1. Please report the accessible area of V7 (heavy atoms, 1.4 Å probe, ligands and nucleic acids excluded) in Å², nearest 10.
2. Classify region 1-50 as rounded, prolate or oblate, taking a ≥ b ≥ c as the square roots of the eigenvalues of its Cα gyration tensor: rounded when a/c is under 1.5, otherwise prolate if a/b is larger than b/c and oblate if not.
3. Taking the Cα atoms of region 71-129, what is the range of coordinates along each of the three principal axes, in descending order and whole Å?
4. Using a probe of 1.4 angstrom, how much of the accessible area of region 55-129 is carbon and sulfur, in percent?
5. Okay, helix-only estimate at 222 nm for the chain: each DSSP H run of n ≥ 4 adds -39500 (n - 2.57), divide by all residues, round to 500 deg cm²/dmol; what do you get?
6. Taking a probe of 1.4 Å, how large is the accessible area per residue of the chain, in Å²?
7. Can you sort R46, R24 by solvent-accessible area, 1.4 Å probe, largest first?
8. Can you tell me the equivalent ellipsoid semi-axes for the chain? Use √(5λ) from the Cα gyration tensor, largest first, whole Å.
Amino acid sequence: MAGMDFVPSVLVVDDFLTMRRIVRNQLEEIGFRDIDDAEDGESALRKLRSKDFHLIISDWNMQPMTGLEFLKEVRSDRRLKKLPFIMVTAESKIENVQAAREAGVTNYIIKPFTAEVLRKKIAASFAAA
């Protein structure tokens, strides 16, 4: 990331503060500096509509809007639909992965994960965008 003119802005969405902190720390560890977070899909959508982000990292299991519902909202918004979206979940059920793919997820990470796994998924997500 060093020496890049482009500073990607990341939005971390998770209803658990501890998980938002873990992901934020990992992002900082791999070189991200412009990081914001939201505790649910509604507040995340408000932030997405008021500022330009380059990547969303969202938990699957959230209330009141699930990560999948949030993903569908993002994909249905003309301005946000191409935004790289990484879904984070503790579940590796194939039907969840399939539902997220059908809804347009860019990448998928199973908890727990390391900063290195996160870095690789982000790199792949930007390459796919």
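1. Only protein atoms counted, so the area is about 80 Å².
2. Oblate shape, in that a/c is at least 1.5 and b/c is the bigger or equal ratio.
3. Largest first, region 71-129 extends 32, 25, 14 Å along its Cα principal axes.
4. About 53 percent, which is the carbon plus sulfur part of the accessible surface.
5. Here the helix-only value at 222 nm equals -13000 deg cm²/dmol.
6. So the chain comes to 54 Å² accessible per residue, rounded to a whole number.
7. Of R46, R24, the descending order of accessible area is R46, R24.
8. 20, 17, 15
The values are calculated or read from the model by the stated rules, or taken from the named source; none is laboratory data. The structure displayed is predicted, hence computed values, not measured ones. Positions of Cβ are generated from backbone atoms using ideal geometry, with glycine treated the same way; all protein chains shown enter the neighbour counts. Just the protein is used for accessible areas: all its heavy atoms, side chains included, with ligands, DNA and RNA removed. Shrake-Rupley method; radii C 1.70, N 1.55, O 1.52, S 1.80 Å.
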